[in-house]
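The values are calculated or read from the model by the stated rules, or taken from the named source; none is laboratory data. Because the structure is predicted, anything quoted here is derived from the model rather than measured. Here Cβ is always computed from backbone atoms with ideal geometry, including for glycine, and neighbour counts include all displayed protein chains. Heavy atoms of the whole protein, side chains included, go into the accessibility calculation; ligands, DNA and RNA do not. Shrake-Rupley method; radii C 1.70, N 1.55, O 1.52, S 1.80 Å.
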Amino acid sequence: MAPTTDSAGNTEDAAAARASLETLRTEIAKAVVGQDPAVTGLVVALLCRGHVLLEGVPGVAKTLLVRALASALELDTKRVQFTPDLMPSDVTGSLVYDTRTAEFSFQPGPVFTNLLLADEINRTPPKTQSSLLEAMEERQVTVDGTPRPLPEPFLVAATQNPVEYEGTYPLPEAQLDRFLLKLTIPLPSREDEIAVLTRHASGFDPRDLRAAGVRPVAGPADLEAARAAVAETTVSAEVTAYVVDICRATRQSPSLTLGVSPRGATALLAAARAWAWLTGRDYVTPDDVKALALPALRHRVQLRPEAEMEGVTADSVISSVLAQVPVPR
């Protein structure tokens with residue numbers, strides 16, 4: 001049966017949105033060298049209305065990556081440098097007394113933006129870390145009993161140093177679970193590092209992305225069309241059961257004290273759907289689930305101390321689970 005005008009128009013919008021999002025890699029590569037997996041993860045999170053935790057040692061372009069993404073998507077972005085003395089109101093905003101009107105008025109904090117860069121989020125105490133919980137889950141901020149909605153789209157991209165670094169506070173499990181994906185930013189290869197230094201020697205200024213040639217290639221309308229297309233992506237009963245089996249297997253792992261919750265299973269399925277659509281398919285395969293399993297689940301499990309002492313990592317446990325759970329045919 002031929003598609004209706006509306007469905008044909010939606011199909012065209014979705015195809016245009018996919019083409020625009022595919023060009024993001026090229027555009028961001030003008031500022032950031034060799035971080036394609038992280039770019040893909042950020043786009044997947046935007047399509048799922050999720051949030052991303054970026055972990056890596058200082059100096060691997062985590063902040064630059066987020067800024068370049070916001071510039072290429074023409075989204076409003078704000079940055080908060082999390083420090084030990086940062087207060088919750090410094091993030092969410094507060095009531096300010098106006099002497100001219102003798103009334104209190106709300107002064108919005110930096111969380112009122114499209115893309116919030118929470119830089120070094122694990123350098124601030126848990127009280128301030130938790131100020132983001134309502135914003136991330138409910139997409140609103142409540143001050144003095146009044147809920148205030150956040151702009152759409154809204155994404156928190158939080159960077160953190162590895163927990164072994166001095167002066168860091170591990171994020172509580174409740175907040176870690178609010179992040180759709182945890183992406184690890186590795187040190188660059190020798191060739192990529194040479195490319196980085198060559199750019200800087202040629203006058204590249206990471207504070208001036210326009211001068212580096214980064215231009216908007218997509219926008220909120222593209223994201224909305226893409227989200228609608230992702231929602232139409234088919235998930236078979238076998239693939240759904242495969243996701244559940246993976247998550248249930250983590251709860252039985254002898255290396256873990258905490259396995260993946262049902263929320264984690266939902267996150268993995270959502271990320272797999274977005275990835276399937278980005279790669280040009282309208283259905284999800286077990287390979288899509290495998291591709292997103294590590295970033296979607298690695299921050300949702302907790303290792304036993306004895307396993308950690310033996311060098312076991314969350315990634316190795318999840319990889320082992322993937323190898324053991326039967327793949328549907």
Open item on the list: With more than 17 Å from P326 (Cα to Cα), out of contact with any Asp or Glu (no Cβ under 6 Å at 6 or more places or on another chain) and touching a residue at least 40 places away in the same chain (Cβ under 8 Å) as the only criterion, which of V243, V230, V217, V239 stands out?
Closed with: V230
TODO: Go through the range 241-257 and give me each residue that's surrounded by fewer than 20 Cβ atoms within 10 Å (Cβ to Cβ) and under 11 Å from P286 (Cβ atoms).
DONE: A241, D245
Open item on the list: Can you tell me which condition A16 does not meet? The list is (1) in contact with a helix residue (DSSP H, G or I) (Cβ under 8 Å, 6 or more places away or on another chain); (2) of a type in the set (A, V, I, L, M, F, W, C); (3) buried (at least 17 other Cβ atoms within 10 Å of the Cβ), and all the others hold.
Closed with: (3)
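Residues are listed down the side, and each one gets a yes or a no for (1) in contact (Cβ under 8 Å) with a residue 60 or more places away in the chain; (2) more than 30 Å from V143 (Cα to Cα); (3) acidic (D, E):
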{"residue": "T40", "(1), (2), (3)": "yes, yes, no"}
{"residue": "G59", "(1), (2), (3)": "no, yes, no"}
{"residue": "A72", "(1), (2), (3)": "yes, yes, no"}
{"residue": "R79", "(1), (2), (3)": "no, no, no"}
Open item on the list: For the structure I just gave you, tell me whether A212 is touching a residue at least 12 places away in the same chain (Cβ under 8 Å) and either touching a Lys or Arg at 6+ places or on another chain (Cβ under 7 Å) or of a type in the set (A, V, I, L, M) (or both).
Closed with: yes
Task: Failed item, numbered, when V327 is tested on (1) hydrophobic (A, V, I, L, M, F, W, C); (2) out of contact with any strand residue (DSSP E or B) (no Cβ under 8 Å at 6 or more places or on another chain); (3) not in a loop (DSSP other than H, G, I, E, B) - done: (3)
- [ ] Write out, first by first residue and then by second, each pair whose Cβ atoms fall under 7 Å of each other, whose residues are 6+ apart or on separate chains, and whose first residue, in the range 13-25, is farther than 12 Å from E224 by Cβ while the second is open to solvent by 50 Å² or more (accessible area, probe 1.4 Å).
- [x] R25/D36
Task: Single residue of V260, V284, V301, V214 found to be touching a Ser or Thr at 6+ places or on another chain (Cβ under 7 Å) and more than 24 Å from R178 (Cβ to Cβ) - done: V214
Open item on the list: Being at pLDDT below 95 and within 20 Å of L294 (Cβ to Cβ) narrows it down to one residue among L269, L258; which is it?
Closed with: L258
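Kindly indicate whether any position in the range 258-272 is part of a loop (DSSP other than H, G, I, E, B), touching a strand residue (DSSP E or B) at 6+ places or on another chain (Cβ under 6 Å) and surrounded by 13 or more Cβ atoms within 10 Å (Cβ to Cβ). Please lay out each step first, then the result.
Let us first name the residues in the range 258-272 that are part of a loop (DSSP other than H, G, I, E, B), namely 259-261.
The next check asks that each one be touching a strand residue (DSSP E or B) at 6+ places or on another chain (Cβ under 6 Å); those that pass are none.
There is no residue in the range 258-272 that is part of a loop (DSSP other than H, G, I, E, B), touching a strand residue (DSSP E or B) at 6+ places or on another chain (Cβ under 6 Å) and surrounded by 13 or more Cβ atoms within 10 Å (Cβ to Cβ).
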